[in-house]
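The values are calculated or read from the model by the stated rules, or taken from the named source; none is laboratory data. This one's a predicted model, so the numbers in the text were calculated from it and none came from an experiment. Cβ atoms come from the backbone with ideal geometry, glycine included; neighbour counts cover every protein chain shown.
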Amino acid sequence: MYKSIIRPVLFNFDPEDVHHFTFSVLKNFGFLTKLFFPKPIEDKRLEREVFGLKFKNPVGLAAGFDKNAVLFNELCDLGFGFVEIGTVTPRAQAGNPRKRLFRLVEDNGIINRMGFNNDGLEAAIEKLKSSKGKIIIGGNIGKNTDTSPENYTQDYLDCFEGLHPYVDYFVLNVSCPNVGSHAKLEDVDYLHELITEVKKINQSKSVQKPILLKIAPDLNHNQLDEIVELIAETKIDGVIASNTSVNREGLKTSPDILEQIGNGGLSGKPIRERSTKMIKYLSDKSNKSFPIIGVGGIHSAKDAMEKLDAGASLVQLYTGFIYEGPGLINEISKEILKRTSRLSR
């Protein structure tokens, strides 16, 4: 029903307007999802324990969808095993000017240059206080766009300190192409400094929370080797591979349309293969020494299994969720259960 009726209607309107409309519907009329979408699959065989947390299933929602921690309870009811909020910055910011979200329908992709638009740390904390404890929540944190380079780390520390009581794991978002002074955030020496300072706060807490690093899909093998070494040195808990891409190679969308759209991060099917290759490289190079959350171009159960087979412990949806609908979660769960049954024979 989603792909045949709901999606064609929604795709007639501006993507950002549709996003806000969908939020309003799910928040105020969430009970209707039971009429239009299948009941989420619940099965002990879907459970995964990763970096000390027990996930009811390995299919999560990536950051960027529920930026302000408004909808995590309702998203749990759709069947997600975990939801990542954010990116949260210390202060509220409007992000980049609209129009900043574009569908590439021919490619089953999206280009966005949202620019970390969010209501800020305090607003997120207030929303998280309404958590019913039904779902694991990740906190994706970043810096404000107008923060000067010498204060980048403090922005991350403020968000980490503030969200610590309310989220189950943290993601340091250092790879978004849509924020200013992006280059410094991917410098390995700076990352070492940032992770060290965040870990100091974490170690001062009675309960420590897992810390992950979200990386770009455009890194070469030398850069990935540096990431593996960085994780070994800092002993953070894992990696999310990957964020959106600035690469436009191989797209069906015409160059003229791409030029009109301009800059931004590409997500969806066009980055599926790149993301999967990155997961496999990190997993093999590190001898599976740290968990990887695989994200990028998952539009089918086959795509999800591809990520898991490459070395991911968990997967996340975003663009695939928009194009394929909530039924994709159950499709992935069914495929995992089929494989589990085959292996147990």
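Here is how the numbers come out for the structure above:
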item	result
Residue in the stretch 240-248 that is closer than 26 Å to Val59 by Cβ and among the β-branched types (Val, Ile, Thr) present	yes
Residue in the stretch 136-149 that is loosely packed, with under 14 Cβ neighbours inside 10 Å, part of a helix (DSSP H, G or I) and in contact with a helix residue (DSSP H, G or I) (Cβ under 7 Å, 6 or more places away or on another chain) present	yes
Qualifying residue in the stretch 273-289 (condition: within 26 Å of Ile136 (Cα to Cα) and touching a Leu at 6+ places or on another chain (Cβ under 8 Å))	yes
Filter pass, Val171 being of a type in the set (A, V, I, L, M, F, W, C), buried (at least 24 other Cβ atoms within 10 Å of the Cβ) and farther than 17 Å from Leu75 by Cα	yes
Residues within the stretch 99-135 that are out of contact with any helix residue (DSSP H, G or I) (no Cβ under 8 Å at 6 or more places or on another chain) and more than 23 Å from Gly79 (Cβ to Cβ), tallied	13
Complete set of residues in the stretch 290-345 that are aliphatic (A, V, I, L, M), within 28 Å of Leu213 (Cβ to Cβ), assigned to a helix (DSSP H, G or I) and touching a helix residue (DSSP H, G or I) at 6+ places or on another chain (Cβ under 7 Å)	Ala301, Ala304, Met305, Ala310, Leu328, Ile332, Ile336
Residues (modelled with pLDDT of 95 or more and either closer than 17 Å to Tyr318 by Cα or more than 20 Å from the chain's Cα centre (by Cα) (or both)) located in the stretch 124-135	Glu126
Answer from Glu233, Glu306 - the residue that is over 30 Å from Asn202 (Cβ atoms), more than 17 Å from the chain's Cα centre (by Cα) and among the acidic types (Asp, Glu)	Glu306
Meets criteria (touching a strand residue (DSSP E or B) at 6+ places or on another chain (Cβ under 7 Å), part of a helix (DSSP H, G or I), surrounded by 13 or more Cβ atoms within 10 Å (Cβ to Cβ) and not small (Gly, Ala, Ser)) for Leu194	yes
Every residue from the stretch 66-78 that is under 13 Å from Lys134 (Cα atoms) and either under 16 Å from the mean Cα position of the chain (by Cα) or of a type in the set (Asp, Glu) (or both)	Leu71, Phe72, Glu74, Leu75, Cys76, Asp77
Subset of the stretch 6-22 (residues that are in contact with a helix residue (DSSP H, G or I) (Cβ under 9 Å, 6 or more places away or on another chain) and either part of a helix (DSSP H, G or I) or surrounded by 16 or more Cβ atoms within 10 Å (Cβ to Cβ) (or both))	Ile6, Arg7, Leu10, Pro15, Val18, His19, Phe21, Thr22
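Yes/no per residue for (1) touching a Phe, Trp or Tyr at 6+ places or on another chain (Cβ under 8 Å); (2) touching a residue at least 60 places away in the same chain (Cβ under 8 Å); (3) closer than 19 Å to Ala216 by Cβ; (4) surrounded by fewer than 19 Cβ atoms within 10 Å (Cβ to Cβ):
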| residue | (1), (2), (3), (4) |
| --- | --- |
| Gly265 | no, yes, yes, no |
| Ser286 | no, no, yes, no |
| Ser300 | no, no, no, yes |
| Asp303 | no, no, no, no |
| Ile329 | yes, yes, no, no |
| Ile332 | no, yes, no, no |
| Lys338 | no, no, no, yes |
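Conditions tested, residue by residue: (1) crowded, with 19+ Cβ neighbours inside 10 Å; (2) among the hydrophobic types (A, V, I, L, M, F, W, C); (3) under 15 Å from the mean Cα position of the chain (by Cα).
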residue	(1), (2), (3)
Glu42	no, no, no
Val50	yes, yes, no
Lys56	yes, no, no
Gly64	yes, no, yes
Thr87	yes, no, yes
Glu106	no, no, no
